[in-house]
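J.: First the structure, then my questions, so here it is.
The values are calculated or read from the model by the stated rules, or taken from the named source; none is laboratory data. Since the structure is predicted, the reported quantities are computational estimates derived from the model, not experimental observations. Cβ sites come from the backbone with ideal geometry, for glycine too, and all protein chains shown count toward neighbours. What goes into the accessible areas is simple: the full protein's heavy atoms, side chains included, and nothing from ligands, DNA or RNA. Shrake-Rupley method; radii C 1.70, N 1.55, O 1.52, S 1.80 Å.
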Amino acid sequence: MSSDRLAIIAASQQGITIGLRLKQELAACGTTDVGLFSPRSGAESTRISSITAWTAEEFHNWDALVYFGALGICVRAVAPVLQSKNSDPAVINCDEQGRFVQSVLSGHHGGANDLARRVARMLGAQPVITTSSDVQGLWPLDILGRDEGWGTEYRAGLGGRSLTDAQAAFVNHEPTVLLLDVRDELTERLERTCPDFVTVAYRYEDVDVESCSLLLAVTPFLYEPPVQAVFYRPRVLCVGVGSEKGIDPERFVGSFLHRLREKRLSYRSVTALATVDFKLQEPAFQAIAIQLGIPLQGFEAQALEAVGGVPNPSETVFRKVGIHSVSEAASALLAGHEEWIVEKQKAALEDVEHGQPRHFTFAVSLRQNALRRGHISIVGAGPGDPGLVTVRGRELIEAADLVLYAGSLVPEKLTEYAHAGALVRSSASMSLEEQFELMKRFCLQGKLVVRLHTGDPCIYGAIQEQIAWFEAHGMPYDIVPGVSSFQAAAAALNSQFTVPEKVQTIILTRGNGRTPVPEKERLRDLARARATMCIFLSAEWADQVQRELEEEYPPTTPVAVCYRLSWDDQQVWRGELGSLAAMVRESGKTRTVLLVVGEAIGARQNRSKLYDPHFTHGFRCSDGEE
C-alpha cells in the first residue's frame with residue numbers, strides 16, 4: 001500500500017526532534033506529504049489537543065502513521081478507530097530515543113512492516129517485526145505479487161475456509177504445493193526461495209492434492225482443487241476482439257466475461273485488449289476495457305493482415321473490411337508471438353431483437369515472456385571480480401541449466417554460482433554454430449540458458465549475431481547489463497571520469513586494428529573533444545594510438561594502461577601520453593588491456609554543484625533560500 005501521505009505524531013519534545021529528522025529524510029527520498037503533529041508546542045510541528053483526539057479524527061485520512069513515544073500511547077490511541085486489516089493505514093511506533101521501530105498495525109496490507117524497516121534505516125534504529133511469515137522468512141501470502149500487479153483469490157476447500165486459514169497452514173509448515181503455470185521474475189524468485197515443505201509443480205495434472213494441505217497457484221487458468229487454495233492472477237492474457245458495429249455494451253461485457261470463464265480463464269489475468277484501429281470507438285470494447293482496468297489498443301489493418309499462421313481466417317471479414325482476421329491477429333500482436341490458448345470464438349448476445357447487432361469474436365494468447373519455455377539470458381559478467389556481477393546476473397547463473405561463458409575473458413570462478421547439475425561450458429574453443437546448437441538444445445527442452453559475456457554485453461560483446469540467430473529461430477531471450485571494464489578502471493584509478501567544467505564526456509572506442517574502424521570514428525577525429533577516452537582492444541597498436549591522439553591531446557595528458565581490471569592479477573601503469581606506447585611495451589601486455597586517456601585521471605579540483613550549499617535543486621534549497 002502507498003505511504004504517500006504520512007503523519008508523524010510525537011508525544012514529547014524529544015519525539016518532535018527525531019520526528020523532524022525523519023520528515024527531512026523522507027522528503028529527501030521523495031515523500032513530500034508528511035505532517036508532524038504533537039501536543040507539545042514547537043516551531044516545526046502542528047499543535048494538537050491530544051494524541052487520542054487527533055487520532056480519532058484523522059486516523060483514516062493518512063496512508064501511514066508514525067508514533068514517537070511509549071507503545072501504550074499508540075495502542076490506546078488507535079484501538080477505538082480500527083476497522084479492518086484491509087482498510088486500516090499502516091501504523092508504526094518508535095521510542096523517543098529513536099532506538100526501536102516497531103510495526104504495530106497493518107504489517108502486510110498497509111505496508112507497516114516495510115515502513116518500519118525503512119524508518120529504522122533512516123534513524124539508524126532496530127526494526128521490530130513480529131509477523132510470523134516475516135520472522136520465519138516465508139512468503140507473505142496475503143500480499144504476494146501485489147507489487148507485480150497480481151490479483152489474489154482464495155478458494156475454500158479441505159483444510160480451510162479463509163485466507164487466514166491458508167496463512168496459518170503455511171506458517172505452520174503444512175504440506176504445500178506451488179503451481180507455476182507461467183514464469184516471470186517473481187516466479188523465478190519463488191523457485192529459488194522455496195521452503196522445504198513446499199513442492200513445486202508446473203502442470204495442474206502433476207499436483208498431488210491428496211497429500212497437500214494448501215495449493216498456491218500462479219496461473220491465469222481456473223481450477224477447482226479439493227484442498228484450500230490461494231490463486232495468484234498474473235497479468236499475462238492478451239485478448240483480441242471483433243464485433244458487429246453498435247453491439248450492446250452492457251450485454252457484451254456480461255457475455256464476454258461469461259465465455260472467458262467457460263474457457264477456464266480468469267478475467268483478472270487479462271493484461272491487454274486490442275481490435276482493428278477503426279473499431280477503437282466501439283462503445284462495447286471501451287466498456288470491457290474499463291471493466292478490466294486496461295487500455296484498449298488498435299492495430300492498423302496492414303499489421304493485422306501481416307500476422308502469419310492465423311488458424312481461422314475469414315473470407316467474409318476480408319470482403320467486408322479487407323482483413324482475414326481481427327481477434328486472432330490482434331491477440332497475437334499483443335502477445336508477441338503467433339500462438340493462441342483460445343482460438344477465435346464466435347459468440348452471439350442473448351435476448352437481442354432480430355436484426356440488431358449481436359455477434360462478436362474473441363481470441364486469447366499468452367504473453368510471450370510469460371510462457372514456461374526455454375529462455376536465453378545474455379548476462380554481463382562484469383570486468384572480472386565475481387563480486388561485481390549484478391544481483392540479477394548472479395540469480396540467473398544460480399538458476400541456469402546451461403551456463404555458456406567466454407572462457408578466455410570471464411573467470412571460471414564466477415561460474416561456481418551455478419547449481420549442482422547445471423552444465424557449465426567455456427565457449428573459447430567453440431565455433432558460433434556449435435554454441436548455437438548447444439543453446440538451442442537446452443532451449444527446446446524448456447530450460448534456462450545463460451550466455452555469460454565479459455563486462456557489459458552491449459560494449460564489444462559480439463552479441464548482435466547471437467540476437468539475430470535467436471530471433472530467426474523464435475528463441476526468447478533477454479539482456480542483463482553488467483559492469484564494464486571502463487567503470488572498473490575509474491575505480492582502480494580512484495578517479496571520476498567526468499570533471500565539472502572541465503570534462504563532461506566519456507568516449508568508449510577502439511583503435512583501427514584487424515577489425516577496421518569507420519573512417520568518421522578514427523581516434524584522431526574523436527580526440528578533438530579532449531574527452532576522457534577509454535580505448536578497448538588496442539594495446540597491440542599502441543604506437544598508432546599514441547600518434548593519432550597526440551594530434552589533439554598534449555603529450556603531458558595523463559594516461560593509464562590497465563590490465564585485467566578487477567581480476568586477482570590486475571595491474572595498472574600510469575604515465576603521460578608521450579610515453580603511452582613505451583608503457584605498453586614495458587608492460588608486456590596486449591590482451592585484456594584497456595587504455596585510458598584524459599585530464600580526469602587523478603583530477604581533484606573543480607567542485608560539483610550537486611552538493612554546493614549555494615546551489616538549489618529539487619530536493620534542497622541553497623543557503624539563504626527558504
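J.: Taking Ala274, is it outside any helix (DSSP H, G or I), in contact (Cβ under 8 Å) with a residue 60 or more places away in the chain and closer than 27 Å to Phe221 by Cβ? Spell out the reasoning first.
T.: On the way: outside any helix (DSSP H, G or I): yes; in contact (Cβ under 8 Å) with a residue 60 or more places away in the chain: yes; closer than 27 Å to Phe221 by Cβ: yes.
The answer is yes for Ala274.
J.: Exactly one of (1) more than 30 Å from Gln167 (Cβ to Cβ); (2) assigned to a loop (DSSP other than H, G, I, E, B) is unmet by Gly15. Its number?
T.: Condition (2) is where Gly15 drops out.
J.: Kindly indicate the residue of segment 63-88 that is touching a Cys at 6+ places or on another chain (Cβ under 9 Å) and of a type in the set (A, V, I, L, M, F, W, C) and also surrounded by the fewest Cβ atoms within 10 Å (Cβ to Cβ) among those meeting that condition.
T.: Taking segment 63-88 as the starting set, the residues that turn out to be touching a Cys at 6+ places or on another chain (Cβ under 9 Å) are 65-69.
If we keep only those that are of a type in the set (A, V, I, L, M, F, W, C) as well, we get 65-66, 68.
Numbers: Leu65: 33, Val66: 31, Phe68: 28.
Looking at residues that are touching a Cys at 6+ places or on another chain (Cβ under 9 Å) and of a type in the set (A, V, I, L, M, F, W, C), I get Phe68.
J.: Only one residue in Glu501, Glu521, Glu465 is open to solvent by 20 Å² or more (accessible area, probe 1.4 Å) and closer than 30 Å to Arg441 by Cα, so which one is that? Write out each step before concluding.
T.: Details: Glu501 fails: closer than 30 Å to Arg441 by Cα; Glu521 fails: closer than 30 Å to Arg441 by Cα.
Matching residue, one of Glu501, Glu521, Glu465: Glu465.
J.: Testing Val104 on (1) open to solvent by 20 Å² or more (accessible area, probe 1.4 Å); (2) within 27 Å of Asp165 (Cα to Cα); (3) part of a helix (DSSP H, G or I); (4) at pLDDT 95 or above, one condition comes back false. Which one is that?
T.: Of the numbered conditions (1) open to solvent by 20 Å² or more (accessible area, probe 1.4 Å); (2) within 27 Å of Asp165 (Cα to Cα); (3) part of a helix (DSSP H, G or I); (4) at pLDDT 95 or above, the odd one out for Val104 is (3).
Condition check ((1) crowded, with 18+ Cβ neighbours inside 10 Å; (2) part of a strand (DSSP E or B); (3) in contact (Cβ under 8 Å) with a residue 12 or more places away in the chain) across all residues:
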{"residue": "Pro555", "(1), (2), (3)": "no, no, yes"}
{"residue": "Ser566", "(1), (2), (3)": "yes, no, yes"}
{"residue": "Leu580", "(1), (2), (3)": "yes, no, yes"}
{"residue": "Val596", "(1), (2), (3)": "yes, yes, yes"}
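J.: Pick from segment 20-62 the residues that are out of contact with any strand residue (DSSP E or B) (no Cβ under 9 Å at 6 or more places or on another chain) and open to solvent by less than 60 Å² (accessible area, probe 1.4 Å): which of them is farthest from Met122 (Cα to Cα)?
T.: Ala53
J.: Hey, another quick one. May I ask you to list the residues in segment 53-73 that are assigned to a helix (DSSP H, G or I) and either modelled with pLDDT under 95 or more than 13 Å from Val104 (Cα to Cα) (or both)?
T.: First, the residues of segment 53-73 that are assigned to a helix (DSSP H, G or I): 53-61, 71-73.
The answer is Ala53, Trp54, Thr55, Ala56, Glu57, Glu58, Phe59, His60, Asn61.
J.: In segment 428-445, which residue that is more than 21 Å from Thr415 (Cα to Cα) and in contact (Cβ under 8 Å) with a residue 24 or more places away in the chain is least open to solvent (accessible area, probe 1.4 Å)?
T.: If we filter segment 428-445 for residues that are more than 21 Å from Thr415 (Cα to Cα), which is where we start, we get 433, 444-445.
Next cut, in contact (Cβ under 8 Å) with a residue 24 or more places away in the chain only: 444-445.
Details: Leu444: 134, Gln445: 102 Å².
Applying the filter and picking the extreme gives Gln445.
J.: Please determine whether any residue of segment 511-522 is in contact with a Ser or Thr (Cβ under 8 Å, 6 or more places away or on another chain), under 24 Å from Arg604 (Cβ atoms) and at pLDDT below 95.
T.: no
J.: While we're on this one: Looking at this structure, is Glu548 touching a helix residue (DSSP H, G or I) at 6+ places or on another chain (Cβ under 6 Å), in a helix (DSSP H, G or I), surrounded by fewer than 21 Cβ atoms within 10 Å (Cβ to Cβ) and not small (Gly, Ala, Ser)? Don't jump to the end; show me each part of the working.
T.: Working: touching a helix residue (DSSP H, G or I) at 6+ places or on another chain (Cβ under 6 Å): yes; in a helix (DSSP H, G or I): yes; surrounded by fewer than 21 Cβ atoms within 10 Å (Cβ to Cβ): yes; not small (Gly, Ala, Ser): yes.
Yes; evaluated as a whole, the condition is true for this residue.
Yes/no per residue for (1) at pLDDT below 95; (2) assigned to a strand (DSSP E or B); (3) β-branched (Val, Ile, Thr):
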residue	(1), (2), (3)
Gln345	no, yes, no
Asp351	yes, no, no
Gly355	yes, no, no
Phe362	no, yes, no
Ser365	no, yes, no
Asn369	yes, no, no
Arg373	yes, no, no
Ile378	no, yes, yes
Gly384	yes, no, no
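J.: Only one of (1) closer than 25 Å to Asp142 by Cα; (2) not in a loop (DSSP other than H, G, I, E, B) is not met by Arg76, so which one is it?
T.: Looking at each condition in turn, Arg76 falls short on (1).
J.: Determine the pairs where a residue that is over 15 Å from Val241 (Cα atoms), located within segment 254-267, has a partner that is in a loop (DSSP other than H, G, I, E, B) with Cβ atoms under 7 Å apart, the partner being 6 or more residues away or on another chain.
T.: Listed by first residue and then by second, the contacts come to Arg261/Leu222; Arg264/Leu222; Leu265/Pro220; Leu265/Leu222; Ser266/Pro220; Ser266/Leu222.
J.: Counting only residues that are in contact (Cβ under 8 Å) with a residue 60 or more places away in the chain and closer than 20 Å to Ala27 by Cα, how many does segment 111-141 have?
T.: So the answer is 5.
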